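The values are calculated or read from the model by the stated rules, or taken from the named source; none is laboratory data. What you see is a predicted model, and the numbers here were worked out from it, not measured in a lab. A quick note on method: Cβ atoms are made from the backbone with ideal geometry, for glycine too, and the neighbour counts reach across all protein chains shown.
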Amino acid sequence: MSDIIKTDALIVGAGPVGLFAVFELGLLDIKAHVLDILPMAGGQCAELYPEKPIYDIPGFPTITGQGLVDNLMKQIEPFHPTFHFNEMVASVEPIGTPEAPAFRVTTDNEQVFETRVLVIAAGGGSFQPKKPPIAGIDAYEGTSVFYAVRKMENFRGRRVLVVGGGDSALDWALNLQKVAERVTLMHRRDAFRAAPHSVNAMRELVAAKQMDFVLGQVTGLTGEGDHLSGAIVRGEDGMTFDLPCNALLPFFGLTMKLGPIADWGLNLHENLISVDTEKFETNEPGIFAVGDINTYPGKLKLILSGFHEVALAAQRAHRYIYPDKKLLFQYTTSSSSLQKKLGVS
Amino acid sequence: MVQIIFIDSTGQSRSVEGDEGATVMETALKNSVPGIEAECGGACACATCHVYVDESWAARLPEAQPMEEDMLDFAFDVRPTSRLSCQIRVSGAIDGLVVHTPERQG
Ligand SMILES: Cc1cc2nc3c(=O)[nH]c(=O)nc-3n(C[C@H](O)[C@H](O)[C@H](O)COP(=O)(O)OP(=O)(O)OC[C@H]3O[C@@H](n4cnc5c(N)ncnc54)[C@H](O)[C@@H]3O)c2cc1C
Ligand code: FES
């Protein structure tokens with residue numbers, strides 16, 4: 001476990017709204033750390049529709065999902081946020097008082113943060129791997145079925161079945177081929193979305209008989225307890241056969257799940273966090289919820305609504321962090337002190 | 001108005017009217033047809049609007065674009081008749097279309 005990280009604000013989620021929260025907090029001298037379970041910033045815009053145009057960002061007649069994220073990253077640069085990717089916020093424990101809130105936040109990597117305010121910008125929830133609806137798969141998870149590879153060593157000497165046709169499937173099939181007894185890649189068709197060089201590398205290994213490629217889909221699993229012994233596969237011709245394996249890695253993309261947020265003691269309404277519309281604060285003073293994750297009368301899940309929400313939440317956060325400082329309303333166009341913070345004066 | 005028939009995994013059939021130009025996915029949501037989630041709102045980015053086109057219709061729809069084929073890789077129990085309903089446009093040519101919704105969208 002690493003040392004405790006202390007910060008003014010911790011932002012859960014690096015989607016567009018979490019990113020803009022860095023900006024609004026930064027203008028009020030509040031430094032932020034940002035956490036996301038994804039390996040990069042941008043939330044839904046970057047993960048689900050990087051190439052698609054968005055038409056309702058004020059001031060941008062059209063901008064792609066990734067374009068917006070790139071611009072936001074540039075816009076928040078002056079505030080030097082610290083990003084922690086590939087990390088999920090697991091638990092939140094209040095350690096302050098309602099007047100002077102503080103929270104101890106722990107991630108799934110057991111990194112501990114102590115923060116004055118917590119800004120939950122978790123969107124539709126954390127992106128998590130889709131689980132194939134195969135009967136009994138739960139029993140094998142963690143011992144024989146994995147949705148991500150944490151340690152390659154765990155696969156040494158095993159018969160690994162990798163299912164999928166994207167970059168994750170191809171990359172892991174190629175990497176694990178070096179340590180596993182045998183790797184079989186299975187996909188429903190002989191066409192891949194993965195990078196062409198990975199596909200070529202896979203085809204070469206298959207031609208050299210150092211890897212197997214099977215056309216088909218897993219329909220069932222066999223094994224005892226949590227030890228997998230094989231997969232029941234429906235082949236291209238519709239016939240079913242057994243494929244022996246003792247490790248299965250299905251890669252079917254990501255879906256958004258609320259995840260641990262449900263256990264943080266916050267008032268929820270249909271899996272969304274209830275907030276007021278003055279400060280976008282939850283029932284727990286010092287915890288704000290902004291963007292797609294929150295709900296209030298009239299809520300619209302739009303990026304522009306999230307931007308508005310963080311501006312107001314930041315005002316309240318300032319009062320917790322600088323209780324003795326009066327907050328002056330200022331424009332970035334004309335305030336020399338704001339411009340100094342932005343590095344443009 | 002174009003008629004579209006959704007049959008769920010238990011065999012229950014629901015016949016609804018779709019507007020020309022809308023998608024089959026939108027028609028399902030608008031009429032509260034269960035079994036279609038459409039997490040991404042029709043951007044061909046989630047594969048949770050997966051349907052099986054009835055055999056009688058399979059050859060009568062325009063073929064799936066490569067983007068749809070790619071996204072079908074993220075659906076489960078994909079069959080030759082699998083389609084993403086957000087990529088099928090409602091038009092007079094598909095009046096009476098029959099699609100089956102899967103047991104689970106994943
Ligand atoms: C296909 C599509 C098209 C869209 N088009 C538009 C449009 O035209 N205009 C518009 O305004 N909106 C559009 N939207 C909606 C828009 O993308 C969302 O409103 C926006 O992304 C919400 O931003 P957010 O920052 O609140 O959450 P998200 O973008 O969902 O980001 C949340 C982030 O939080 C992370 N996270 C969640 N929980 C945890 C945790 N416990 N620990 C660590 N990280 C966590 C997630 O991994 C995720 O990266 C569209 C959405 C989709 C899917
Ligand atoms: S609604 Fe997401 S792919 Fe069709």
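Looking across the stretch A:180-231, just one residue is farther than 30 Å from B:ARG104 by Cβ and in a strand (DSSP E or B), and that is A:ARG182.
Do we find that B:GLN87 is more than 13 Å from B:PHE6 (Cα to Cα), of a type in the set (S, T, N, Q), near ligand 2 (Cβ under 8 Å from one of its atoms) and in contact (Cβ under 8 Å) with a residue 40 or more places away in the chain in this structure?
Yes; evaluated as a whole, the condition is true for this residue.
Taking (1) in contact (Cβ under 8 Å) with a residue 40 or more places away in the chain; (2) within 14 Å of chain A (Cβ to nearest Cβ); (3) more than 12 Å from the chain's Cα centre (by Cα) in turn, B:CYS49 satisfies each apart from (3). Scanning the stretch B:52-86 for residues that are within 16 Å of ligand 1 (Cβ to nearest atom), within 14 Å of chain A (Cβ to nearest Cβ), outside any loop (DSSP other than H, G, I, E, B) and surrounded by 19 or more Cβ atoms within 10 Å (Cβ to Cβ) gives B:MET71, B:LEU84, B:CYS86. Checking each residue in the stretch B:23-46 for being among the small types (Gly, Ala, Ser), under 24 Å from A:GLN44 (Cα atoms) and away from ligand 1 (no atom under 16 Å from the Cβ) picks out B:ALA28, B:GLY35. For the stretch A:248-271, a residue qualifies if it is in contact with a helix residue (DSSP H, G or I) (Cβ under 7 Å, 6 or more places away or on another chain) and either assigned to a loop (DSSP other than H, G, I, E, B) or within 11 Å of ligand 1 (Cβ to nearest atom) (or both), and the qualifying residues are A:PHE251, A:LEU254.
Beta carbons closer than 7 Å, at least 6 apart along the sequence or on distinct chains, pair a first residue in the stretch A:63-88 that is touching a residue at least 60 places away in the same chain (Cβ under 8 Å) with a second that is within 16 Å of ligand 2 (Cβ to nearest atom) and of a type outside the set (S, T, N, Q) for A:LEU68/A:CYS45.
Count of the stretch B:90-106 residues, restricted to those that are away from ligand 2 (no atom under 12 Å from the Cβ), within 14 Å of another protein chain (Cβ to nearest Cβ) and either of a type in the set (Phe, Trp, Tyr) or touching a Lys or Arg at 6+ places or on another chain (Cβ under 8 Å) (or both), is 0. Does the stretch B:29-40 include one or more residues that are at pLDDT 95 or above, assigned to a helix (DSSP H, G or I) and over 23 Å from A:PHE127 (Cα atoms)? Yes, that holds for at least one residue.
Take the residues in the stretch A:98-115 that are in contact with a Lys or Arg (Cβ under 9 Å, 6 or more places away or on another chain) and not hydroxyl-bearing (Ser, Thr, Tyr), then tell me which one is surrounded by the fewest Cβ atoms within 10 Å (Cβ to Cβ).
Applying the first criterion (in contact with a Lys or Arg (Cβ under 9 Å, 6 or more places away or on another chain)) to the stretch A:98-115 yields A:100-103, A:112-115.
Of the ones still in play, those that are also not hydroxyl-bearing (Ser, Thr, Tyr) are A:100-103, A:112-114.
Numbers: A:ALA100: 12, A:PRO101: 20, A:ALA102: 17, A:PHE103: 21, A:VAL112: 16, A:PHE113: 20, A:GLU114: 15.
The extreme case among them is A:ALA100.
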